[in-house]
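> So that we are looking at the same thing, I have put the structure below in structure tokens.
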Amino acid sequence: MQRTVLKQRLCAAQNVARRSPGAALRGLHSLLRLTAVFALLLGSCAKDPVGPGGPDEGTDLALYIPAPERVETYSGATIDECRIENAVVLAWNKTDDRITGAEVVATVMGNGTQQPTLRFRKLAPQSGETIVVLCNLDPTTVNQAEGLVGQNMAAAQNTLKPRSAAGGTSADMKAPLTMAGDAVWNGQNVQVRMSFQCAKISVVLDPSLTQTGGPLAWTTVRTTYLDHMPATTQWTTASTPASQNEQGALSQSGTPGYDPDADPMSFPALYTYEAAQPANWPTNRAFNYVLLRVAETESGPMQYYCLTFDDTNQGTIAKRNAFERGKHYVFRVKDIYKRGYDNIEEALDNPSNAVYEIGILDDWSKNWEYNGQYGVTADRDTAYVWTAAEAQPLYRFSWPQPENDPDGAPATSTVTLLNAARTAPVATELVQLLDKDGNNIPNNTFTFNGQTSPEEGYQFSFKTGDKATAQGMWLRVKCGNIERFVPVGWATLTVHDVSGYQLGGSFSQRVSSNVVMPDGTSKELPWEAGFVDKDGVGTSQPNWITVDKTSFPDGSGDFSIAFDPMPLTKTEDPYNERLNGRDLVGTSTEPNQDSSPRYDLSRDHSQGLDTRETANCYIVSAPGYYRIPYAYGNSLIGECVDITDENTTSYNRNTTTTTTTTTWLSWFLDYDNRRIHSGWIQKDLQYNDTHQVAVTGTDAAHSNGHPTRVDVLWQDNPNMISRMFFTEHPDCYICFDVPKNTNLKTPMQGNVVFAAYDHNDKIIWTWHVWITDYDPEEAPAVQDTYSPYDPIKDCKITNATGQEFILQGQNLGWCSGDVNVYEGRSAIVRITQASGLTRDITLEQPRIEIESSGNNPFYQWGRKDPIPAAVNQNGSIVNKTVYNKDGAPLATPFRTSSTLYTIGQAIQNPNSFVCGGSISNWIAAASDGAAVNYCNLWNAQLTGSSGYTIGDGYKFAKTVYDPCPRGYRIPDPDVFTGMTYDGRTYTQPLGSNSYFGDIYNSPFTDNSGLRSVYGWVFYANLMSGRGAYDPSGGVYYLRAGGFRHKDNLESEAVGRVSYYWTNMPSSTTAAGNRDKAYTPTLRIDNGTIATTVMPLNATAQSKAFGYGIRCIRDNVRK
């Protein structure tokens, strides 16, 4: 076949260029750009500056632009488009990919002429560096150029954007084009080739095409009717010259459908920009086309086929379509059913005798089939269905339908959804085809009886039925003598929501994107991701989320999401606000007055004498005027008119023996190690003075049993109690006032320990007042979630054997810190599959409230007096500052002793605690000072040498040494066994989360949840098996409050470990570990210590440790 090289003139080029077919083919697989040659010459300052700026100092770059031409069918750019609106010059070290200098050129001289000149003043490129020149950028990004120094070229492309399209859709053809070019700087004359983007046009032959003639060759493409162009999305410095249209052999593509990266023939579209076609152009002549020619023999006559891009109707051109920059057009020849025309004019003036499709990238009409008489356009080559109860788009196409139906035009069109074998329509129970109005199409077959299609095309939709199963199918579109089978794949897309905690962190997200095709094969489908708002409208990526978009694969795969830490929204103090907001209770009285008008803390809200129950700790939940009976612990219950009416079990184990062994106390002792005979302290001291039945003590008078003074020993905050005195009107009471605190910077909540002193200024007894917004009189509540914002409430919990307990709402003596509020935030990532199927991923950091520096006091086993708390101060664990009675900070919040204490010594020294490396218990016998291990200090029922079996047979009686408030007691050893599914201890591997959602009875799913609230949240109801939760009973919270070590009582592990005392020693026999006690234990993984839930801790802990206490209501196992 004769190969003739056609001659064409390029945009802004003065010379006619010739290239061989091989040269054209070498550039086919890259996006070709139409280029203009700009010569950048280093020279002297211009004599006559033109345009913005004037003659001043600087380095001039002269740009040479050959005169733009207005060749009717081939011109590429106008003078206006080549005018320079702005310019940026970058110095680039290409080897290191680093921008070493940048300057926005303010002076352009000779703009609009053949030799404009750029003047830069600050840029000093080094020899061998690459000079990059960018012209006509988006004005809003130009000023960011100089900030690119030190960055790479990718950063420059992301920052310096092409000139924006007018109105966001297309750019005025007279507006300056974004151009880019580069050259190596040598300090002398430099030439840089500038380029801008054009269209790409490819021609392929369908594999089904049968040819009877000779080989095909394409010749040219023309367009003159193009008023607008789309904005380019990125500039490039690629300087490959534009290919001219030239002859070359067409080859058949290897598979049905075109591959834009493997097309055998591609070339740029060349333009003129006239507002209308030339006056001498025939009205019905093709204007935007590709011309094919067939030669039956190498020297024989040619036949011509015109593949027009214009819209035609029965041979009449109805609309001029334009090839647009930035798009790829693929002409796919499917059939040549008639002989071609003998010359070009006939081919241009008559309908083509070929059937072809035109694929257009980034346009809804991606497929255009044409038979020379009429065309059928469609929005896709492959359709997709998926499980969907609501209508979803499937396929859209259009066709011209004339009033008179000449030969070959489609009188009737049908669309049928067929099974994979193409033998029958798909059952509507599987997939239901819907018409444009959303109506069901019977038998999935739709007929257009002489209808015309709307201009935007006819839209078919689908929905799936009850029997939907993933399988491929076909959509047959029959329009006249054109019949097309469109493959329909069944798409699936699976994603999962991601929840991040307050501290932030990275998460991996799996996207499974697949499709089953009609041939039964399954393949991955590409997908894209973008952010949308709650209404599904596209939005920008939030700045608090980082998504690794480089991991967005075509098909299934992972991508990573990183959450920034949540910003602190506000800090509040809801506890003190609630506490101070309550009305005063009681009425003020003086020492010489009847104290009855005061609120008696030993009684409930009714203040009936029959509700009296004394204790070592009293809860104050409102400001007011209070009194408490001058009594030992829980020795008085009810009216107690006589000693015989008292709760004697609390201090006498109901035995006639007076022998106290090393295992248990027969009689509980007072501050002078004398047996307690009455719960009223003044009566007891009078009794002991008279009868002298003390185990050991003095013979001195005791002021008739009355204290000589009562005073605050220590308090968490200054002035928590404003006044305190002893009265015996009508009985012996200690009275005190709790004022409102108008200054919330000094919290009203906290702990106060005060003492009654004898005539020798020895402490007779102490009491603990816990001022908190918690009201113990309220009924237990079901709290579905834990929030430090919520008021403290008791809750009912169940242990592993089904025994129910009412658990106090917080640790004994709990003091909340401020609540740091982190408002929740969320974003939605929409995954859009190539099928059109979408799935939304909610990325959420839920609202969270975290108590800062919350704390509670600690206790040594068997003692009633609290050890002041420890707090987390800027990451360090330190002793909490406490204050004396005058409101001054105590230099030492508590004292330590390496000498064991008798019971009396411990009572007289409530703020001194025994510790030391070899010490495991603090108790010494009153008789000789020898170490003893009394087992019944917190449970008067533990009197047998063999102890008691843990479980439902366990018995309990609260003692006068119990530190819990009125109505509460130290918990039994098995109270917390519901924390795991079977009550046993589980330690998961370090760094693992494997026991969450399976073994731990907690709503948390990983360790980060524990760390976010500095503790554990458990379900109150028992699990019915592994992973089988019952949330109906709500949740309860156990804070990781740390502990004080027995060696030195230094605080440890605040925020990551919890120990809780129970009332039972590990043994009640002389041979057992009587110096230890059962302590439920919780640990949170911190990288060194693994997460542990130890409901019983059968190994027990030494009684000299300082642990927290979570009391239970004293209503079971009495």
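The values are calculated or read from the model by the stated rules, or taken from the named source; none is laboratory data. Please read these numbers as outputs of a predicted model, since none were measured by experiment. Every residue, glycine as well, gets a Cβ built from its backbone with ideal geometry; the counts of neighbours run over all protein chains shown.
> Tell me, which strands (runs of 3 or more DSSP E) wholly within the range 454-535 include 2 or more residues that are surrounded by fewer than 19 Cβ atoms within 10 Å (Cβ to Cβ), of a type outside the set (S, T, N, Q) and not assigned by TED's automatic domain parsing to the domain that holds Thr428?
Values: elements: 458-464, 473-479, 482-494, 505-516, 522-524, 527-532.
It comes to 505-516, 522-524, 527-532.
> Restrict the check to the range 709-725 and report whether at least one residue is at pLDDT 90 or above, more than 56 Å from the chain's Cα centre (by Cα), surrounded by 18 or more Cβ atoms within 10 Å (Cβ to Cβ) and not in a strand (DSSP E or B).
The answer is no; no qualifying residue exists.
Listed here are the residues, each with its yes/no results for (1) at pLDDT 90 or above; (2) touching a Leu at 6+ places or on another chain (Cβ under 6 Å); (3) surrounded by fewer than 20 Cβ atoms within 10 Å (Cβ to Cβ); (4) more than 28 Å from Pro910 (Cβ to Cβ).
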{"residue": "His759", "(1), (2), (3), (4)": "no, no, yes, no"}
{"residue": "Ile764", "(1), (2), (3), (4)": "yes, no, no, no"}
{"residue": "Glu777", "(1), (2), (3), (4)": "no, no, yes, no"}
{"residue": "Ile792", "(1), (2), (3), (4)": "no, no, no, no"}
{"residue": "Lys796", "(1), (2), (3), (4)": "yes, no, yes, yes"}
{"residue": "Ile806", "(1), (2), (3), (4)": "yes, no, yes, yes"}
{"residue": "Asn811", "(1), (2), (3), (4)": "yes, no, no, no"}
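> All but one of (1) at pLDDT below 85; (2) in a loop (DSSP other than H, G, I, E, B); (3) closer than 30 Å to Met748 by Cβ hold for Pro553; state the number of the condition that does not hold.
(3)
> Could you pull out the residue among Phe1018, Phe1043 that is in contact (Cβ under 8 Å) with a residue 12 or more places away in the chain, in contact with an Asp or Glu (Cβ under 7 Å, 6 or more places away or on another chain), under 22 Å from Cys964 (Cβ atoms) and outside any loop (DSSP other than H, G, I, E, B)? Walk me through how you get there before you give the answer.
Working: Phe1018 fails: in contact with an Asp or Glu (Cβ under 7 Å, 6 or more places away or on another chain).
Residue meeting the stated conditions: Phe1043.
> For Ala906, are the conditions met, namely being part of a helix (DSSP H, G or I), of a type in the set (A, V, I, L, M) and not assigned by TED's automatic domain parsing to the domain that holds Ile764? Break it down stepwise before answering.
Working: part of a helix (DSSP H, G or I): yes; of a type in the set (A, V, I, L, M): yes; not assigned by TED's automatic domain parsing to the domain that holds Ile764: yes.
Judged against the criteria, Ala906 is a match.
> While we're on this one: Let me confirm something: among Ala869, Ala800, Ala906, which residue is touching a helix residue (DSSP H, G or I) at 6+ places or on another chain (Cβ under 8 Å) and hydrophobic (A, V, I, L, M, F, W, C)? Quick ask: steps written out before the conclusion?
On the way: Ala869 fails: touching a helix residue (DSSP H, G or I) at 6+ places or on another chain (Cβ under 8 Å); Ala906 fails: touching a helix residue (DSSP H, G or I) at 6+ places or on another chain (Cβ under 8 Å).
Of Ala869, Ala800, Ala906, the one residue that is touching a helix residue (DSSP H, G or I) at 6+ places or on another chain (Cβ under 8 Å) and hydrophobic (A, V, I, L, M, F, W, C) is Ala800.
> Checking Arg863 against (1) touching a residue at least 60 places away in the same chain (Cβ under 8 Å); (2) surrounded by fewer than 18 Cβ atoms within 10 Å (Cβ to Cβ): exactly one of these is not met. Which one?
(2)
> Any residue in the range 738-752 that is crowded, with 18+ Cβ neighbours inside 10 Å, small (Gly, Ala, Ser), out of contact with any helix residue (DSSP H, G or I) (no Cβ under 7 Å at 6 or more places or on another chain) and closer than 22 Å to Ser596 by Cα?
If we filter the range 738-752 for residues that are crowded, with 18+ Cβ neighbours inside 10 Å, which is where we start, we get 738, 741, 747-752.
Next cut, small (Gly, Ala, Ser) only: 750.
Filter once more, keeping what is out of contact with any helix residue (DSSP H, G or I) (no Cβ under 7 Å at 6 or more places or on another chain): 750.
Now drop any that are not closer than 22 Å to Ser596 by Cα, which leaves none.
There is no residue in the range 738-752 that is crowded, with 18+ Cβ neighbours inside 10 Å, small (Gly, Ala, Ser), out of contact with any helix residue (DSSP H, G or I) (no Cβ under 7 Å at 6 or more places or on another chain) and closer than 22 Å to Ser596 by Cα.
> Within the range 290-360, which strands (runs of 3 or more DSSP E) (wholly inside it) include 1 or more residues that are within 20 Å of Asp381 (Cα to Cα) and modelled with pLDDT under 75?
The qualifying strands (runs of 3 or more DSSP E) are 328-336, 354-360.
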